[in-house]
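No lab work stands behind these numbers, since they all come straight from the coordinates. Source: prediction; values computed, not measured. FYI the Cβ positions are ideal-geometry reconstructions off the backbone, even for glycines, and counts take in every protein chain you see.
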Amino acid sequence: MNWLLKIAAFRVLSTLPGGSKVYHWAQQYVTHSLVATRERVSLKIEIGLLYWDWLERNAVVPLDGSHLDFGTGWHPSIPLLYHALGIDRQWLFDITPLLDAALVRETRETVAQIVENPAWPARLKLRRPLLGPLPADADWRAYLRGAGMEYVAPYGAAWRKLESQADLVTSTQVLLHISRAGLREIFAHIFRTLKPGGHFLATIHLRDLHATPQNGLLPHNHLRYSPWVWENLVNTGLMPYNRLKAPDYRALIEEAGFIIRGWEVEPATTQEMEAFLRTPVHECFAGYSRDDLSARHLFFAVQKPAC
Ligand SMILES: C[S@@+](CC[C@H](N)C(=O)[O-])C[C@H]1O[C@@H](n2cnc3c(N)ncnc32)[C@H](O)[C@@H]1O
């Protein structure tokens, strides 16, 4: 679909009562973007292992610790993996309830196909078998709870109860959807939720996710627009993007009181850099370096001071 048409449809939907339900329906039955395909789930398992390996390399393996997955989405792939890796207590946070029995069942089946394959390279890391299949007609929340996983969506009231409870917080491709002010608040909550010495690990796309090979948009198309145009004509409540860059995340993380332990910014490819140099960049981005603006992805690992 043409990019502008897609944006217009999103904007209309986001203003309609029940628009998010229609969006969800379209994701399920039109775009099929919620199906727990092997490709989608494998990608998340890889990210779960990227976090895990970072923790192992840095000698902080919370094998019997507690984990908060901030922004779980439609496939609880990482929580299911972490349960099999030995984590006993997990909170699955989302801004709005997205999971249901079908998604949990389907995700579990796909995770099983991956991690139970004898050729899967991380098999030896598992400390127990993957949680069994979700029985027909079972309550999916009770099923997750039975394995120490609590689905909390929305989560506003839960922060206070979880103060100093988590060893690890992870967030996978969520923070890019939250405004600077929202992140400031959330980072403060995550800081309070972690135990002293606990870790917060996240992955964040920095490139323009509206740009695809099909629609021909330049990979940095989002840099063209003023804040007003972006917020009032492009961004929608259904799928907002904050356009923050690595230095913005770094400043917010430091402001919250975290110590930065790992900070990996994936640069643009040569081809993307060539396209970036042809993109008219709005003056509101004048304070950033060329590398900051063209970067593709950020992974960070930060720690709450031990005392
Ligand atoms: C692109 S999906 C990623 C989901 C999942 N982490 C994954 O990697 O498959 C973005 C997720 O962020 C959630 N989200 C957006 N804003 C949020 C907020 N303020 N607090 C928590 N979750 C939020 C959405 O509901 C959605 O589940």
Quick one: 3J(HN,Hα) in Hz for the stretch 187-193, Karplus 6.51/-1.76/1.60 with θ = phi - 60°, rounded, Gly and Pro as x. 5, 5, 5, 5, 4, 5, 6
Treating only the Cβ atoms of Lys and Arg (+1) and Asp and Glu (-1) as charged, compute the dipole magnitude of the stretch 35-303 about its Cα centre; round to the nearest 20 debye. 220
How many nm is it between the label spots at H177 and Q165, if each spot is 7 Å from the Cα in line with the beta carbon? 2.3
So which lysines can K161 reach, going by Cα to Cα under 19 Å and dropping same-chain residues fewer than 8 places off? K195, K304
Please give the helix 3-15 orientation as an angle from the longest Cα principal axis of the chain, in degrees from 0 to 90, rounded to the nearest 10. 60
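So between W120 and A142, what do we pick up on full extension, going 0.36 nm a residue minus the alpha carbon distance? Each step should come with its number before you reach the end.
Working: separation 22, 0.36 × 22 = 7.92 nm, distance 2.91 nm.
Net length gain for the segment: 5.0 nm.
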So for L13, L144, fewest C-beta neighbours within 10 Å to most, what's the order? L13, L144
In nanometres, the difference between 0.36 nm per residue of separation and the alpha-carbon distance of T31 and C284 is 87.7 nm
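Placing +1 at every Lys and Arg Cβ and -1 at every Asp and Glu Cβ, with all other atoms neutral, what dipole size does the stretch 96-249 have around its Cα centre, in debye to the nearest 20? Mind showing how you got there, number by number?
On the way: 18 positive and 13 negative charges, 99 e Å.
In debye, rounded to 20, the stretch 96-249 gives about 480.
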Positive end of the dipole of the chain, charges at C-beta (+1 Lys, Arg; -1 Asp, Glu), about the Cα centre: which of L162, M239, A181 has its Cα farthest in that direction? L162
Taking +1 at the Cβ of each Lys and Arg and -1 at the Cβ of each Asp and Glu, which of A122, L99, L144 sits farthest along the dipole of the stretch 67-153 towards its positive end, judged by Cα position relative to the Cα centre? A122
With 5 Å bins from zero, work out the P(r) of the stretch 35-303 over every alpha carbon pair and list the percent per bin. 1, 5, 12, 16, 17, 16, 13, 10, 6, 2, 1, 0
